[in-house]
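What follows is one structure encoded as structure tokens, with my remarks underneath.
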Amino acid sequence: MPSAELLSEAQRLMTICNACRYCEGYCAVFPAMELRTKFDAEDTVYLANLCHNCRGCYYACQYAPPHEFGVNVPQTLSALRLDSYRDFAWPHVLAGLFRRNGLALGLISLASLGLIVALVLGWQDASVVFSSHTGPGAFYEVIPYRLMVVPALVLSGLIVLALGIGLARFWRAIGGRWRELADLPALARGGWDALRLTYLGGGGHGCNYPDAGFSQHRKWLHHLTFYGFGLDLLATSTAAVYHHVFAWEAPYPYTSLPVVLGTVGGLGLLVGPAGLLWLKWRSDPLPAAESVWGMDVGFLVLLFLTSLSGLVLLAARETAAMGSLLVIHLGFVAGLFITFPYGKFVHAVYRYAALVRYAQEGKEHPDSLPGTGAA
């Protein structure tokens, strides 16, 4: 469980907020809080992962620092979320990667890159790697298809397993029952709120980020990142269909569906993370938890480098640099995927589950949680 000190502080803040209730219309956290009269670890972990860190409550709060109450909900819930990520990680021996997470992501990415370089140079003659290859199957002349795909499939299976066990642990910890995971209206409502980032919208004028002013920048940059990632996954899936169903080998023409989807998604994954890093650099540090800074920055940098290396590979795929660029890109991809269950990516899993839980509570208390009916 999260540290006793952090839980105690979260419980103190929720008790003050539950008496005040000025922020009850700001996001999902406060209506959910108002359903409770006391806050145990289960409640605070749920509320922490329901929080989108929009910071509206901090700037509106009459009890925020320098008031003697020192109410700083975004900071405390951010730190509590990070503690919950460690608690639900599987295997638990790797939970320590959430400490100094930015450094861990960097070292794992460098190790992945080094391993792929060693494997390729051990498998192929260096002259093959540094020569020009064009036409169908050009990538596989540098790295054989099986050497590229089999490790990726094994890694994907382990990632799904780790995230699935983490999700099950989180769901059980917040009081969810297994049969509720089949609640289709709540799943749809949670998905709708997650896809729209409802609680970063501030009712239409945006959230208070990077400072006290209202802005939609964070919401739109997050959309670019999320949907860019989705388009790149769709591009990879389409390419798999091309390869296995139609026996069409990569690289594909620039106007082909996988390349168009991958290029658009890649551009989103350049602009989105770069913009979010820029916002984070300018953001007010007072409502932020210092302990999550490295995790956030490390994840955004790794997303940016993965996308950048992919787009550079696309542009230079008919030159002698293709082999080197392919190795570098796969190194970043491997680093990104290996760290999915042990970095910022897990917030998507737990926040979606919290939104589903919120939708279920909305069905039980429609007057207290308006607007949470099935989508």
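The values are calculated or read from the model by the stated rules, or taken from the named source; none is laboratory data. Note that the structure is a prediction, hence the values are computed from the model and not measured. FYI the Cβ positions are ideal-geometry reconstructions off the backbone, even for glycines, and counts take in every protein chain you see. In case anyone asks, the SASA skips ligands and DNA or RNA and just uses the protein heavy atoms, side chains included. Shrake-Rupley method; radii C 1.70, N 1.55, O 1.52, S 1.80 Å.
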Taking a label point 7 Å from the Cα of residue 315 along Cα-to-Cβ, the residues of the range 238-268 whose backbone nitrogen sits under 15 Å from it are 263-264, 266-268
Taking Cα atoms only, Rg over Rh for the range 19-81 with Rh from the Kirkwood formula is 0.93
Under 5 Å from the placed amide H of residue 209, counting only residues 5+ away or on other chains, we find 215
With every protein chain kept in place and a 1.4 Å probe, the chain has an accessible area per residue in Å² of 47
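Taking N as the number of residues in the range 52-211, what is its alpha-carbon radius of gyration divided by 2.2 N^0.38 Å?
It is 1.52.
Using just the Cα positions, wrap the range 71-155 in a convex hull and report its mean projected area in square nanometres, one decimal place. Each step should come with its number before you reach the end.
Working: hull surface 34.6 nm².
The directionally averaged projection comes out at 8.7 nm².
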HN-Hα couplings for the range 146-161 via Karplus (6.51, -1.76, 1.60; θ = phi - 60°), in whole Hz with x for Gly/Pro, come out as 5, 5, 7, 8, 4, x, 5, 5, 4, 5, 4, x, 5, 5, 4, 5
Most packed first (mean Cβ within 10 Å per residue), the peptides 193-205, 83-95 order as 83-95, 193-205
The correct ranking of 46, 242 by accessible area at 1.4 Å, largest first, is 242, 46
Taking every alpha carbon pair in the range 203-268 and sorting the distances into 10 angstrom bins from 0 up to the bin holding the longest one, the percent per bin comes out as 22, 33, 20, 14, 9, 1
As straight-line cross-link partners of residue 344, the qualifying aspartates and glutamates (C-alpha separation under 13 Å, not fewer than 8 residues apart within one chain) are 83, 296
In debye to the nearest 20, the charge dipole size for the range 98-204, taken about the Cα centre with +1 at each Lys and Arg Cβ and -1 at each Asp and Glu Cβ, equals 580
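What dipole magnitude, in Debye to the nearest 20, does the range 9-67 give about its Cα centre under +1 on Lys/Arg Cβ and -1 on Asp/Glu Cβ?
On the way: 5 positive and 6 negative charges, 33 e Å.
Its charge dipole is roughly 160 debye.
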Cysteines of the chain without any disulfide-compatible partner (other Cys Cβ under 4.7 Å) are 17, 20, 27, 51, 61
Between residue 196 and residue 237, the two model label points (7 Å from Cα along the beta-carbon direction) sit apart by a distance in nm of 2.3
If every Lys and Arg gets +1 and every Asp and Glu gets -1 at its Cβ, then about the Cα centre the chain yields a dipole, in debye to the nearest 20, of 120
Each label sits 7 Å from Cα toward the beta-carbon; between residue 168 and residue 131 the label points are separated, in nm, by 5.0
